[in-house]
Amino acid sequence: MLKPKSPQESFYGSYLYDRIVPVDHLLRKINQVVDFSFAGQILNDRYHPHIGRPAEAPEFMLRLCLLQYIYGDSDRQVVENARLNLAYKYFLGLAVDAEVPDYTTVSYFRAQRLGEEKFQAVLDQIVQQCIDKGLAKGNRQIIDSTHIRANISVGSITGLVRKCRENVLKTVKKQDVGIAEKLGLKELQAAGSVKFASPEEGLQKEIEAAGDLLDSVTAELRVKKLVPNEELRKDLELLEKAVADREENAKDKLVSPVDPDARQGKKTSITWPGYKAHLIMEEETGIITGVETTPANATDGSQLKPMLKEQEEVHSIKPKELTGDKAYDWGENLESLASNKTIANIALSKQVNHRNEGYFTVDDFLYDPENIKLMCPAGHISTNCYELILAKYQLNKPGYAFRFRPSLCNVCSLKPKCVKNKQGRRVYISYYEPYFRQARERLATEEGKQAYRNRYKIEQKMADLTRYCGLRRCRYRGLDRAGIHTLLATTVCNIKRMVKLLWGKPDNYYLESPVAG
């Protein structure tokens, strides 16, 4: 149940707020521009009307969470500042002498009362206010991703396996101290950092010890001396994964048992342990209309279709144009954009000629997708092809491999520019070749080039998110809570942008005039 509403007025009235909090203070501007009354509506199902201790109002608690990302406060700091800072009290709607809740209330509200789903609903409400005020029209949008470092330290594989082994034994100890000691908990804790002749020897010893522990715990579970609860099951799974991931080329490697959802990511020259934030942004206004959080090893291209679909379902926005870098040049993405009548300003990976520079590339061949025919620059037509499900040199894109007859290639005047061998030219054509060509033609136009040049705007937005909204390092652990971190940072970023564009202007300003700045 909720606490009854108390007025902001106190013995001092609003006198101090009017005198001390400037008219152009950021929190005053936010109060004037953004409507937070939706908080009670979207959180009604989280409170019982009559049962339980009186809880703080949802809007008040949401404002506390937003203050953390506006000013970079921790849970303790935001509560302390809410006690002492009049601007905070003004923004929270508190009387000057009003008490604020304990910092643990903030943590509970964020993780238990709201969770990722409700913070997504909060962002959706802010985006909808932007749409209603003309700040998000879907004329041209940009998609990209930025990295989020997990709140962990990353050690060696040997240390990782050892930590996972220790976690299993500690969980076993909660059920039976005797079994934990029999399985080697005391020895493991007393050993400390044991030195080995080589890292390989140390890893091998840890792998052997982990295997023995897995066998022993399984045996204890079989005779029902241990209960297979959720905590033990998760610790055993992490230990098994740490052992399986010991190979250097293993995919989806566990990074840390402290944050088991975090993964190692790589983008150009940057590597990091943690997560990725995928963003869709309005080019004209810089308003972020969609965001998704994934482990750091997720591909950017896989997020385009689901994010656009969710944006259309929630906000009825279908962009007229979409700009993205080479990470989004998937054939299925281009096909989806074309089917939705969205112009793709997406850079494509360079067409590689695996023979020599200066030879004809696939762009020099004319493809007929309806009849599955391919015409070479000399005018010869090939229908001799076979289907490729996995093409070695085409990023696993399915398509057809065409072969031109040697009898034609060997006497062709263009052979020096086409093929060296005597077996005739072979050309790979993706199923999505018509869409690739359409994208290349678009980027060859002045409009396409200008749209792609404007991609710097989302780089600026990501810098704003990471530097001034706290996105770069994740405050919390686990994918769900990393999602909360991303959603709060994005919500605050949008709110600041709304203030910049709307403060001091009439509500219909951007509905009747073009966006400026």
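Odds and ends about this structure:
- Think of each Lys and Arg Cβ as +1 and each Asp and Glu Cβ as -1; about the Cα centre, that makes the dipole of region 412-517 roughly 880 debye.
- Each of M375, M307 has some number of other Cβ atoms within 10 Å of its Cβ, and from fewest to most they run M375, M307.
- Of the residues G483, I343, L414, the one whose Cα sits farthest towards the positive end of the charge dipole of the chain is L414 (charges of +1 on Lys and Arg Cβ, -1 on Asp and Glu Cβ, taken about the Cα centre).
- For region 104-197, a Kirkwood radius taken over Cα pairs fed into Stokes-Einstein (4 °C, viscosity 1.567 mPa s) yields D = 69 µm²/s.
- Placing a pseudo-label 7 Å from each Cα along the Cα-to-Cβ vector at D363 and E201 gives an inter-label distance of 5.8 nm.
- Between Q450 and K225, the FRET efficiency from the beta-carbon distance, with R0 = 60 Å, is close to 0.30.
- Taking R453, R442 and counting other C-beta atoms within 10 Å, the order from fewest to most: R453, R442
- Exceeding the 32 Å Cα-Cα cut-off - candidates K118/K266; K89/K276; K170/K251; K266/K373: K89/K276; K266/K373
- For region 446-517, diffusion coefficient by Stokes-Einstein and Kirkwood Rh (Cα), 10 °C, 1.306 mPa s, µm²/s: 109 µm²/s
- Assigned charges on the beta-carbon of Lys, Arg, Asp, Glu; the chain dipole about Cα centre (debye): 1260 debye
- Answer label for Rg and Dmax of the Cα atoms in Å (calculated), chosen among (1) 21.8, 63; (2) 38.3, 143; (3) 29.3, 100: (3)
- Cα coordinate range in region 230-312, projected on the principal axes (Å, largest first): 49, 34, 20
- Estimated FRET transfer efficiency (W503, S407; beta-carbon r; R0 60 Å; 0.05): 0.20
- Here's the picture: charge each Lys and Arg Cβ at +1 and each Asp and Glu Cβ at -1 in the chain, and of N81, V106, T271 the one pushed furthest to the positive end of that dipole is T271.
- Sorted by Cβ neighbour density within 10 Å, fewest at the top, the residues R28, R263, R19: R19, R28, R263
- Compactness of region 397-448, expressed as Rg and Dmax over alpha-carbon positions, Å: 15.1, 44
- Among L236, L214, Q175 - extreme Cα towards positive end, dipole of region 157-244, charges at beta-carbon: Q175
- Using the Cβ-Cβ distance between E59 and I270 with R0 set to 41 Å, the FRET efficiency from 1/(1 + (r/R0)^6) comes to roughly 0.60.
- For the listed residue pairs K326/K415; K174/K253; K267/K318; K173/K234; K29/K461, the alpha carbons are over 25 angstrom apart in K326/K415; K174/K253; K267/K318.
- The dipole here belongs to region 157-244: it is taken about the Cα centre, uses +1 on the Cβ of Lys and Arg and -1 on the Cβ of Asp and Glu, and is about 300 debye.
- Tail beyond 21 Å, pair distance distribution of region 157-244 (Cα, percent): 25 percent
- Calculated from backbone phi, Karplus (6.51, -1.76, 1.60) coupling profile of region 446-462 in Hz, x at Gly/Pro: 5, 4, x, 5, 5, 4, 6, 4, 6, 5, 4, 5, 6, 5, 4, 5, 5
Every read-out reported here was derived from the displayed coordinates using simple, explicitly stated rules and does not represent laboratory data. What you are looking at is a predicted structure, and each value in this text was computed from that prediction instead of being measured. Neighbour counts run over all protein chains shown; Cβ positions are idealised from the backbone, glycine included.
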